[in-house]
Amino acid sequence: MKKINDKKNKIKKSLLCIVFLSSIFYLLPSLCYGQDSGKFVSKSWSALGQRNFDKVYQLTDECIQTFTTKAKKQASKLNDFPAKKEEANYKVMNDVATCYFIKAESYMREEKKEKAIETFQEVIEKYPYAQSFDPRGWYWSIQEKAKSSIEKLKTGKIGKEESKEEVVITQVKLYDPGKKLPIDYEKFGEFKGAGTKNYEYIIKKPIELAEAVGEGIFPNTNSVKFDPRYQEIKNKLYKIDHWKVLNSRNLNAAFYKWIKTPEPAGIRQFHIGEILEKSGLIEHAVKAYYAVIVHFPETYGWTYWHTPWYVGNAALYRIKYLLQNHPELGLRLEDAEITIINGFDNNIRNDSFIVNPGKITKKPFWEKLFSKDGCAKKKRKLGKVIKESGKKVKLVQYQNGDWQLKVNGKPFILKAVTYDPTRVGESPDEGTMENWTVQDINNNDLIDAPYEAWVDKNNNNQKDKGEKKVGDFQLMADMGVNAIRLYHQPFERNKKIIRQMYEKYGIYTLIGDFLGKYTLGSGAKWEDGTDYENPADQENMLKSVKKMVTTWRDEDAILFWVLGNENVYGLGCNADKKPDSFFKFANRAAKLIKKLDPKKRPVAIASGDTLYLDLFAKNCPDIDIFGTNSYRGKYGFLGLFEDVKRISGKPAIITEYGAPSYAKGYSQEEAQDYQAQYHQGCWNDIICNSAGYGAGNVLGAVAYEWIDEWWKAYEPTYHDKEGLFSGPFLDGYMHEEWLGLISQGDGSKSPFLRQPKKSYFKYKKLWN
């Protein structure tokens, strides 16, 4: 009996051993990659960029085989794309679909047309709602890009044709305009606690107030019932998506839809103001924006990057902009202010609001006269210098608290552009981007973009007689550019070309290190991201900063140093999760720069808007300038400079701002007009907050960017027109391949052809 039991036990142990080994074998790929399908994706993209096609097929096939069961399970739950912020719940599906896509791209590059089409079609059918994450911060539809690639393979054409559907263009025509401004709200209710955390407005005469403000302005949501234009379309409104119609040109439908839409009242009122403004009904738009301040000053929404959007403050600055740019109204906004305590983080629960709605009044005659520079107030006296740092490039603070940059003893307003003239067809994602500072594709010993670019005067994409080489450096000098911003790059810059730009054209350079953003400089793996508390990451980044400074410190062309690039938004680093650690490390890097730089040039940071501005102020005493990338719209920067002055006391620059010259539903001319208007509004705000005006702490700005870069949306040989993410632009979306002040035309003569846009000529006036 014992022998039988021993035999059974041996068999049992053998079976368990087999099961265990089988399990290990089955799980081995997952264990090797940490059970993370994303690691296959990153390695596959890398292999594709290196044109290592065998490696691509090995990695993508392994990912598909290992994770298909889970991917199909996730796909079965969807009948549409997942809502924003829920994309990560479908990570395995997205990764498997991306591997199919990369595999198809590999076939396409090997010119295996049939296999490529078959694989693209397979991912469309199996995973129609899969999305791939772009490291720059958004998801893109794999189905959409796969269809585009199939079209390219079948027809030789890239991208979708422009939609032929008719664009409905209407304007709002008010049935009930109410009374003219200013409206005395005290006649219809009572203000309590103005200027405190306990502010509120209590309506006592709602009917009379509704009659005064007019149609669509809170609390008047009922007079629309009597509007004949509303009656004509009211039965069609339920079919319309209120967010899609908001950015359309059918302003009439948008107005009526938003009066009744189920969004928070403050957000609803703000967007009604936008619609009225677009219709040219400026006075009624001012009423709508002011209603936000009076009734809903604590309303908030969320940006695409999931940072808080404070609607009351946005409305306040819209009013200021409109009243300044429409002096014919003869109105001013007095004493209005909304201060948000704890408003610089992502936690809206700890916010408290100090609100003073002020009042809109008629201007006295003497105030109707603007100063020559267009700023609302006369230039104030600066007083004596109380603080000074630097040698050739100095930061100066005056007795009145204002700041100024001085170069060689003279005041210097930074008029810069980001300059990265990427040739059409090149892409860092595919490892094909060349170094423009040495690029000489025609082998004539002249660097291409800086010296051989020519202007296509009639926009025919041909080099006609008389269209001589002029070069980007000369075109920038003609525009009034006095500096360029260079980003952190993995390849060495050509010092000679940077020196020539300065010596021949008077154009300085702002040179930067990303401090671990996108893991650049830190040595961290992308999937882990830079950790600002990790000693190894810190040491690598300090080495990177040291290399930058020792390489460039003897060059007179360098104006100042720039650290980071929107690190606070995360993406390849944990500055969004550990902002204190990031800013402490940034300050450590600044101290290193000051120790190494004998010319004692200023050090700036390039942050993301004003997110964690309070932590910057607390942790960065050795960073001289608060710089930030900010895209707040054509109205300028909406109190950003006042916030920097109040919280940090430091001077400010804008390290990126701009708008695309393309918008869906608009002509190319209209989109270029808007881009030029956007840049002018932003530049006016910069000048009106420079020394002697406004906040008095602005040193200038860096316009983004010199030339359209075609690689940013996906296919680097196609000028993509898809909106990448929502934002304050003409059609409500960022078209990042269209941000240049200069176009590359149809791309056939890149990197030489230049077609200056209206924004270029706008700056030629503003900066000269």
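The values are calculated or read from the model by the stated rules, or taken from the named source; none is laboratory data. These numbers come from a predicted model, not from an experiment. Ideal geometry is used to build each Cβ from the backbone, glycine not excepted, and the neighbour counts take in all protein chains shown.
Just checking, which of A652, A701, A663 is closer than 30 Å to V168 by Cβ, aliphatic (A, V, I, L, M) and either at pLDDT 95 or above or buried (at least 24 other Cβ atoms within 10 Å of the Cβ) (or both)?
After applying the criteria, what remains is A663.
Given the stretch 456-575, what strands (runs of 3 or more DSSP E) lie entirely inside it while holding 1 or more residues that are basic (K, R) and crowded, with 24+ Cβ neighbours inside 10 Å?
Hits in the stretch 456-575: 483-486.
Given the structure, is I142 on the phi < 0 side of the Ramachandran plot, among the hydrophobic types (A, V, I, L, M, F, W, C) and over 26 Å from the mean Cα position of the chain (by Cα)?
no
Tell me whether the stretch 582-599 contains one or more residues that are part of a helix (DSSP H, G or I), touching a Pro at 6+ places or on another chain (Cβ under 6 Å) and surrounded by 18 or more Cβ atoms within 10 Å (Cβ to Cβ).
Within the stretch 582-599 (the criterion being part of a helix (DSSP H, G or I), touching a Pro at 6+ places or on another chain (Cβ under 6 Å) and surrounded by 18 or more Cβ atoms within 10 Å (Cβ to Cβ)), the answer is no, since none of the residues qualifies.
Looking only at the stretch 716-743, which residues are more than 28 Å from R249 (Cα to Cα) and either buried (at least 20 other Cβ atoms within 10 Å of the Cβ) or under 14 Å from the mean Cα position of the chain (by Cα) (or both)?
The one that is more than 28 Å from R249 (Cα to Cα) and either buried (at least 20 other Cβ atoms within 10 Å of the Cβ) or under 14 Å from the mean Cα position of the chain (by Cα) (or both): P716.
Kindly state which strands (runs of 3 or more DSSP E) lie completely within the stretch 319-430 and contain at least 1 residues that are in contact with a helix residue (DSSP H, G or I) (Cβ under 8 Å, 6 or more places away or on another chain) and over 30 Å from Y505 (Cβ atoms).
Result: 331-334, 337-341, 352-356, 359-362.
May I ask you to say which residue of A210, A194 is over 30 Å from T303 (Cα atoms), at pLDDT 90 or above and either of a type in the set (D, E) or not assigned by TED's automatic domain parsing to the domain that holds A104 (or both)?
From the options A210, A194, the qualifying one is A210.
So, in the stretch 74-117, of the ones that are assigned to a helix (DSSP H, G or I) and of a type in the set (D, E), which residue ends up surrounded by the most Cβ atoms within 10 Å (Cβ to Cβ)?
So, considering only residues that are assigned to a helix (DSSP H, G or I) and of a type in the set (D, E), the one surrounded by the most Cβ atoms within 10 Å (Cβ to Cβ) is D95.
Could you grab me the full set of residues in the stretch 572-600 that are in contact with a strand residue (DSSP E or B) (Cβ under 7 Å, 6 or more places away or on another chain) and of a type in the set (A, V, I, L, M, F, W, C)?
Within the stretch 572-600, C573, A586, A589, A590, I593 meet the criteria.
In the stretch 151-160, is there at least one residue being in contact with a strand residue (DSSP E or B) (Cβ under 6 Å, 6 or more places away or on another chain), in the same structural domain as S106 (by TED's automatic domain parsing), at pLDDT below 95 and assigned to a helix (DSSP H, G or I)?
no
Could we say that Q680 is crowded, with 24+ Cβ neighbours inside 10 Å, outside any loop (DSSP other than H, G, I, E, B) and touching a helix residue (DSSP H, G or I) at 6+ places or on another chain (Cβ under 6 Å) here?
Answer is no for this residue.
Restricted to the stretch 375-413, and to residues that are surrounded by fewer than 13 Cβ atoms within 10 Å (Cβ to Cβ) and closer than 23 Å to Y635 by Cα, which residue is modelled with the highest pLDDT?
K378
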